[in-house]
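Notes follow the structure.
The values are calculated or read from the model by the stated rules, or taken from the named source; none is laboratory data. No experiment lies behind these values; they were computed from the predicted model shown. No Cβ is skipped: glycine too gets one built from the backbone with ideal geometry, and neighbour counts run over all protein chains shown.
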Amino acid sequence: MIKGQRKHNHWILLSPYMVLFTIFIVLPVMISIYLSFTHFNAIETPGWVGVQNYITLITRDEIFMQKVLPNTIRYALIVGVGGYLLAFSLAWLIAQLTVIPRTIFALIIYSPSLTAGVTMAVVWRVLFNGDQQGYLNALLLRFGLIDKAVQWLQSPQHLMDIMIVVSLWSSMGIGFLAMLAGILNVDETLYEAAYIDGVRTRLQEVIYITIPAMKPQMLFGAVMAIVNTFTTAGIGVALSGSNPTPQYAGQLIVNHVEDYGFYRYEMGYAAALSVVLLLIIWFFSRVAWRLFGER
């Protein structure tokens, strides 16, 4: 009898999490999938339209195919992949320091991820202000590199580049800390054995010892980078002050979802966009699992 009770104890402990996970994750996903096959304006009862929303997405939504999707791919490749490599590189460099300097530098690098919203309004918008008082314009005008103030945050040529710079600056979040912890917890005897077997350079040490020994942290960092990159929405809107962004230059998939869902009230089409975004995140998460997951 006691053994039977022990077997079921884990279900009792898991039940609060399972209930919350079902309510806040499973049900919203299932409802979104259903709504993606309907016409729904948030007022009337959803009307079944089949795959029409997906056909519209592929064949008729020129903004999505010509602006939003290329923007998202470019942003994800640079900020996602670049930010991930940068996080690992900084974590590895900091791990070589002693405890006190390591702690200070870790806090300095991690802090922008906590204050990104505030600093975006206070620092970055002032830095890229479009008048002559903007720090960047004032500096370039002083050195004669431009002859008039540039509207950095309203320019389709510059907005995405600024978004990438700001995102990389604030991308050293929990994934960076996980990698730092992983590097610091690699067994030192592995390095000693590797040097006996012929490893001589630090690059070989990282490739053959460090990364394989911290695959769980590498996987966690990769998944966090994928999710954060593809679900980013506020940065382009916060910098430019409008949604959609000027000429859709900084428009990402989540911005497109917000545009159709909360401004146009085309909830069915917004749900279809959300499902596509979910499939993209799932695909790249599977790629990360293939690279760093246990086999």
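Going by the structure shown, is F143 at pLDDT 85 or above and touching a helix residue (DSSP H, G or I) at 6+ places or on another chain (Cβ under 6 Å)? Step through it out loud before you land on a result.
Numbers: at pLDDT 85 or above: yes; touching a helix residue (DSSP H, G or I) at 6+ places or on another chain (Cβ under 6 Å): no.
In short, no.
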Item checked: Qualifying residue in the stretch 218-238 (condition: surrounded by 23 or more Cβ atoms within 10 Å (Cβ to Cβ) and more than 25 Å from L180 (Cβ to Cβ)) -> yes
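Is it the case that Q251 is under 24 Å from the mean Cα position of the chain (by Cα), at pLDDT 90 or above, over 19 Å from A288 (Cβ atoms) and polar (S, T, N, Q)? Spell out the reasoning first.
Details: under 24 Å from the mean Cα position of the chain (by Cα): yes; at pLDDT 90 or above: yes; over 19 Å from A288 (Cβ atoms): yes; polar (S, T, N, Q): yes.
Spelling it out, Q251 is indeed under 24 Å from the mean Cα position of the chain (by Cα), at pLDDT 90 or above, over 19 Å from A288 (Cβ atoms) and polar (S, T, N, Q).
Which one of these is of a type in the set (A, V, I, L, M), surrounded by 10 or more Cβ atoms within 10 Å (Cβ to Cβ) and touching a residue at least 24 places away in the same chain (Cβ under 8 Å): V29, V19?
Working: V19 fails: touching a residue at least 24 places away in the same chain (Cβ under 8 Å).
The match here is V29.
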Check: Any residue at all in the stretch 115-135 that is assigned to a loop (DSSP other than H, G, I, E, B), aromatic (F, W, Y) and buried (at least 18 other Cβ atoms within 10 Å of the Cβ)?
Finding: yes
Next item on the list: Return a yes/no flag: does the stretch 44-61 have any residue that is of a type in the set (S, T, Y), under 28 Å from Y265 (Cβ atoms) and either within 19 Å of the chain's Cα centre (by Cα) or surrounded by fewer than 14 Cβ atoms within 10 Å (Cβ to Cβ) (or both).
Entry: yes
Next item on the list: May I ask you to list the residues in the stretch 254-295 that are among the aromatic types (F, W, Y), more than 17 Å from the chain's Cα centre (by Cα) and in a helix (DSSP H, G or I)?
Entry: Y260, F262, Y263, Y269, F292
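Considering only the stretch 227-241, I want to know if a residue exists there that is more than 20 Å from the chain's Cα centre (by Cα) and at pLDDT 90 or above.
Within the stretch 227-241, the subset more than 20 Å from the chain's Cα centre (by Cα) is 241.
With the extra rule that they be at pLDDT 90 or above, the set shrinks to none.
So far as the stretch 227-241 goes, no, none of its residues is more than 20 Å from the chain's Cα centre (by Cα) and at pLDDT 90 or above.
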Item checked: Qualifying positions in the stretch 137-164 - in a helix (DSSP H, G or I), over 19 Å from L252 (Cβ atoms) and aliphatic (A, V, I, L, M) -> A138, L139, L140, L141
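State all residues of the stretch 202-242 that are assigned to a loop (DSSP other than H, G, I, E, B) and free of Cβ contacts under 8 Å to residues at least 40 places away in the same chain; if no residue qualifies, say none. Don't jump to the end; show me each part of the working.
So in the stretch 202-242, the residues assigned to a loop (DSSP other than H, G, I, E, B) come out as 214, 231-233, 241-242.
Within the stretch 202-242, M214, A233, S242 meet the criteria.
What number of residues within the stretch 170-201 satisfy the criterion of being in a helix (DSSP H, G or I), β-branched (V, I, T) and farther than 21 Å from V79 by Cα? Don't jump to the end; show me each part of the working.
Step one: filter the stretch 170-201 for residues in a helix (DSSP H, G or I), giving 174-184, 188-196.
Of the ones still in play, those that are also β-branched (V, I, T) are 174, 183, 189, 196.
If we keep only those that are farther than 21 Å from V79 by Cα too, we end up with 183, 189, 196.
Going through the stretch 170-201 one residue at a time, the tally reaches 3.
Does E258 qualify as being under 30 Å from T38 (Cα atoms), touching a residue at least 40 places away in the same chain (Cβ under 8 Å) and of a type in the set (D, E)?
When the stated conditions are applied, E258 does not pass them.
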